[in-house]
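Trainee: This structure is in structure tokens; I'll ask about it shortly.
The values are calculated or read from the model by the stated rules, or taken from the named source; none is laboratory data. Please read all numbers here as calculations on a predicted model, not as lab measurements. Please note: Cβ atoms are built from the backbone with ideal geometry, for glycine as well, and neighbour counts cover all protein chains shown. When the accessible area is computed, the model is the full protein with side chains, heavy atoms only, and any ligands, DNA or RNA have been set aside. Shrake-Rupley method; radii C 1.70, N 1.55, O 1.52, S 1.80 Å.
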Amino acid sequence: MQTVKGPDRTPEEEITRMVNEHQLALLRLCFTYLHDQDLAQDAVQETFLKAYRSLQAFRHDAHEKTWLSRIAINCCRDLSKSSWFKHTDRTVTPDMLPEPAVQTSQEDNTLTVEIMRLPKRLREAILLYYFENMTTPEIAETLRITQQAVSDRLVRARAKLRKALGKDFEGDE
Amino acid sequence: MTLRKEEAQEALARSLSGLQEDPRLAQRIIASEKGEMKMKKLPGAVLVLAVILGITMATALAAGVAGIWRSVNWFGEEVPNEDEITPSSTMVPPAETTAADIDQLVHESINRAEARELVVIATENSVSYAARVQAVSSMEEFTVLMEMAPGFPLPKQIPDGYTFSSGSIEFGCLSGGEYTLTCQKAVGDGVTESHYAVDEAYDCILGYTLRFTDENRQDSMIVSAHMQPSDNSNDDIIGIADNQTAEAIRIDGMDNSIAIDSDTIHLLFMRKIIAEPISTLVFGSSENWVETYGEYHTRISSGTLSTNDLASIFSR
């Protein structure tokens, strides 16, 4: 069977497709990282801007989601380094979560809050694993760390979550 | 009970189902790149009110200017670059504000605050606060105040030619104490200023910053030390710029020390474990929480003094 390559998209079509496919997932990733809806939207906007500017250089040797997630994580890190961010109260409580559009349980919110309370590096690994459904090698590529470091962070994160929630978390790395 | 990956994904998705996509995001990005539209910053993100008293600049100086960063651990070993810091983010940019008057309000409130008062500025979308800080006007005053924190690493001697320029001590509240609201007022459109005090029996020192200057060589030496949480998985590496070298060295009284050198700046980072961790009550806008500190981290920077000279400041 011969593979037929589809028509090339213009950069405008390409970024529009990316935004349509990945905006929501990145928004959730950024919100859980930054604990703030407005900042998360800023980070997502910045992510796609950078992606648009780098479309020519993106050689598709990395998975598109991995590439966008890496840009998003870096945007979140940049925002979280600002002096304003450091000295703004970031206490994570359930009332920080946006009003849900579907029915949720207290357990759902407790899980989300506890993930948001994790130290930054552990949170990154857990979000990419559960939210972005990435494998350990993909997370390693996204965060530019070793696979062993990813496994270590996931183990530590699960231990903290187990302590907070009284539940074990399945892992397959 | 084990939570399966799919269950966790679904729980997270439900919990955050209220986050809304921006239907015009792609259009704005394309238009912006064509110069047709200026990208907007959303209101909440530009309500910037925090004030940090000298520590951010000291940190930025210590971190080096521009250049791509590498990372070293406390043994001087280079580690995989986990924090991709691009040149645009090495220097913390000035905070953007929605209006200059809000920024002005913050500075005015800080200037009005009593020593060691916690000042909290709240708007509809965010809460920011200035640390409980007391300025010191001399090394003698600094030394007397630091007697309440006998374990804190302190400079033992000051290099010839350098004189005290300014200093500040940051205070926390020991676990068991409380933050008492002493004053609250509206200071602008939707902006509230609150002042909190702590019973001095529960005062504890979280850190300090000292600045010394040598006018002959036009150099500043900045010494800052701060307690770090025991379980601090974010701070076990040090970023160094591409033009800097890092070497683990031994300094009496410290558990780990790293000397970082370049042509333009010399830095010393030191770590000392606190024998008995200290628990403090951290102020939160909705709920205070307990933080336990297990280490002291100290940084000294100078444009002129070598790292050997800097090390001698803390040596016994």
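Trainee: In nm, give the distance between the simple-model label positions of A:SER105 and B:GLU247, each being 7 Å from the Cα along the Cα-to-Cβ direction.
Mentor: The two pseudo-label positions are separated by 6.0 nm.
Trainee: Hey, with R₀ at 35 Å, roughly what FRET efficiency would B:ASN73 and B:GLN9 work out to, going by the Cβ-Cβ distance, to 0.05?
Mentor: My answer for the efficiency is 0.55.
Trainee: Just order A:140-152, A:33-45 by mean Cβ neighbour count inside 10 Å, highest at the front, would you?
Mentor: A:33-45, A:140-152
Trainee: Something else now. Could you report the buried accessible area between A and B, both sides summed, computed with a 1.4 Å probe and given in Å² to the nearest 100?
Mentor: Summing both chains' loss of accessible area gives about 6100 Å².
Trainee: Classify region B:134-207 from the C-alpha gyration tensor, please: rounded if a/c falls under 1.5, else prolate or oblate depending on whether a/b exceeds b/c.
Mentor: Cα axes put region B:134-207 in the oblate bin.
Trainee: Which positions within region A:109-127 get 40 Å² or more of their accessible surface covered by the other protein chains, compared to the chain by itself, with a 1.4 angstrom probe?
Mentor: A:LEU111, A:THR112, A:ARG121
Trainee: Sorted by mean Cβ packing within 10 Å, highest first, what order do the peptides A:24-30, A:9-15 take?
Mentor: Details: A:24-30: 23.6, A:9-15: 14.4.
The peptides rank, most packed first, as A:24-30, A:9-15.
Trainee: What's the average, rounded to a whole number, of partner chain beta-carbon atoms within 10 Å of each residue's beta-carbon in A:36-45?
Mentor: Mean inter-chain Cβ contacts per residue within 10 Å come to 6.
Trainee: For peptide A:131-138, how many partner chain Cβ atoms fall within 10 Å of a residue's Cβ, on average?
Mentor: Rounded to a whole number, the mean comes out at 1.
Trainee: Now for a separate question. Per-residue mean of other chain beta-carbon atoms within 10 angstrom of the beta-carbon, peptide A:93-103?
Mentor: Numbers: counts 4, 1, 1, 1, 5, 6, 3, 7, 6, 5, 2.
That average works out to 4.
Trainee: Could you calculate the FRET efficiency of B:THR143 with B:ALA275 from 1/(1 + (r/R0)^6), where r is the beta carbon distance between them and R0 is 22 Å, rounded to 0.05?
Mentor: E(calc), rounded to 0.05, equals 0.50.
Trainee: Report the FRET efficiency, 1/(1 + (r/R0)^6), for B:GLN27 and B:ASP189, where r is their Cβ-Cβ distance and R0 is 41 Å, rounded to 0.05. Write out the running numbers ahead of the final one.
Mentor: Values: r = 32 Å, r/R0 = 0.78.
So, using R0 = 41 Å, E works out to roughly 0.80.
Trainee: Quick check on my link table: of A:LYS50/A:LYS160; A:LYS120/A:LYS163; A:LYS120/A:LYS167; A:LYS65/A:LYS163; A:LYS167/B:LYS5; A:LYS65/A:LYS167, which ones sit more than 23 Å apart, alpha carbon to alpha carbon? Kindly include the intermediate steps, with their values, before the conclusion.
Mentor: Numbers: A:LYS50/A:LYS160 34 Å; A:LYS120/A:LYS163 18 Å; A:LYS120/A:LYS167 21 Å; A:LYS65/A:LYS163 31 Å; A:LYS167/B:LYS5 12 Å; A:LYS65/A:LYS167 29 Å.
The pairs that break the limit, which is 23 Å between Cα atoms, are A:LYS50/A:LYS160; A:LYS65/A:LYS163; A:LYS65/A:LYS167.
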